[in-house]
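One structure below.
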Amino acid sequence: MYAPTGIAIVTAPTRLEGLRRRWGTLGQAKFLLGHAHAHERARRADVRTAPAKHSSSAATLQMAQIAMPQAQQLAEFGEYQSEADIYLDVVNQLEESLNFGLPIKRVERSFVPNFEFGTCEVVVVVGQDGLVANTAKYVGGLPIVAINPDPQRIDGVLLPFHVNEARSAVRRVLDRQFKSRRVTLAQAELNDGQRLLAFNDFFVGTASHVSARYVLEAGGHSEPQSSSGVLVSTGAGSTGWLSSVFNMTAGVANFLGADTGERPALAWEDNRLVW
């Protein structure tokens, strides 16, 4: 057994870092990003001018769309750079502010499934929401302090703290004087012994969402079905994808003059699933 002696800071690569990893260097990423934008503008211009494709005015318009000013290219790439600078600055601030004499371990998203969180007393996630949901599947009962690194760009439903609030929040966790919100996860077991956890929902079906025939069995009843799959939602996920499904169903029902039925209400800690 490991004694909990540290603080984990879970991070994710920025979009800029993703481009660098994909294309090797930032210079190459900037060039290819600008090329992709120019290609897309040319494609849209070609669609708009299709009836007059062979006229000289249409050709001039298309060339004007392709010739994107260099300043605009830099502005678009600058958004990626600004986003990355803010994120990395927040992570560095966190590491400095969480100096409680305990080891601080940075864990990038791709290493979360293999990291031994049992060695930590608290997990600090520098979001977006999806990073919090994914991390929650691997930390067990450890408390998560979720930080919104960039409120101007991220709404952060699961990110209640800003970077300047992180030290006091983690301090309360270490002193066992914190309030928390528990979340029930869904668990699925496959025939080959694999176990999967979901923070929001499971989709049981093919990845392509192609329609299939199958039989549903629940509560001693069975029913043949034909659809793209089954959505199984937790309380935390019931305001997301599942809510969109209910909204769509209610719209169709209202159009047909049918009863929309009662929409289930689940709390995050509710020990039930909706499917």
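Give me the extension gain from residue 174 to residue 86: residue separation times 0.36 nm, minus the current Cα-Cα distance, reported in nm with one decimal.
Values: separation 88, 0.36 × 88 = 31.68 nm, distance 2.72 nm.
My answer for the length gained is 29.0 nm.
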Solvent-accessible surface ranking, highest first, for 41, 195 at 1.4 angstrom: 195, 41
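Share of antiparallel DSSP beta bridges in the chain, in percent to the nearest 5?
Working: 16 of 31 bridges.
Looking only at bridges with both residues in the chain, the antiparallel portion is about 50 percent.
Kindly provide the helix-only [θ] at 222 nm of the chain, computed as the sum of -39,500 (n - 2.57) over DSSP H runs of four or more divided by all residues, to the nearest 500 deg cm²/dmol? Working shown, then result.
On the way: 7 runs with 104 residues, N = 275.
That comes out to -12500 deg cm²/dmol.
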Pairwise label distance in nanometres, residue 100 with residue 76, each label 7 Å out on the Cα-Cβ vector: 4.5 nm
Exposure ranking of 234, 239 by accessible area [1.4 Å probe, largest first]: 239, 234
Where labels lie 7 Å past Cα in the beta-carbon direction, separation of residue 108 and residue 218 in nm: 4.1 nm
Residue-span extension gain [residue 191 to residue 137] - 0.36 nm each, minus C-alpha spacing: 17.4 nm
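Can you run the Rg to Rh ratio on the range 233-275? Use alpha carbon positions and the Kirkwood inverse-distance Rh.
On the way: Rg = 11.5 Å, Rh = 11.0 Å.
Rounded to two decimals, Rg/Rh equals 1.04.
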In nm, spacing of pseudo-spin labels at residue 249 and residue 28 (7 Å Cα→C-beta vector): 4.9 nm
Per-residue SASA entry for residue 256, accessible area with 1.4 Å probe, Å² rounded to 10: 120 Å²
Among 246, 202, 115, residue whose mean-square fluctuation peaks in a GNM of the chain (springs only between Cα atoms under 10 Å): 246
Protein-only accessible surface order, largest first, of 90, 215 at 1.4 Å: 215, 90
Rounded to the nearest 20 debye, dipole of the range 155-248 from Cβ charges on Lys, Arg, Asp, Glu: 620 debye
Within a Gaussian network of the chain (alpha carbon springs, distance under 10 Å), most fluctuating of 260, 11, 119: 260
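The values are calculated or read from the model by the stated rules, or taken from the named source; none is laboratory data. This structure is a prediction, so every number in the text was calculated from the model and none was measured. Virtual Cβ from ideal backbone geometry, glycine too; neighbours counted across all protein chains shown. Accessible surface areas use protein heavy atoms only, side chains included; no ligands, DNA or RNA. Shrake-Rupley method; radii C 1.70, N 1.55, O 1.52, S 1.80 Å.
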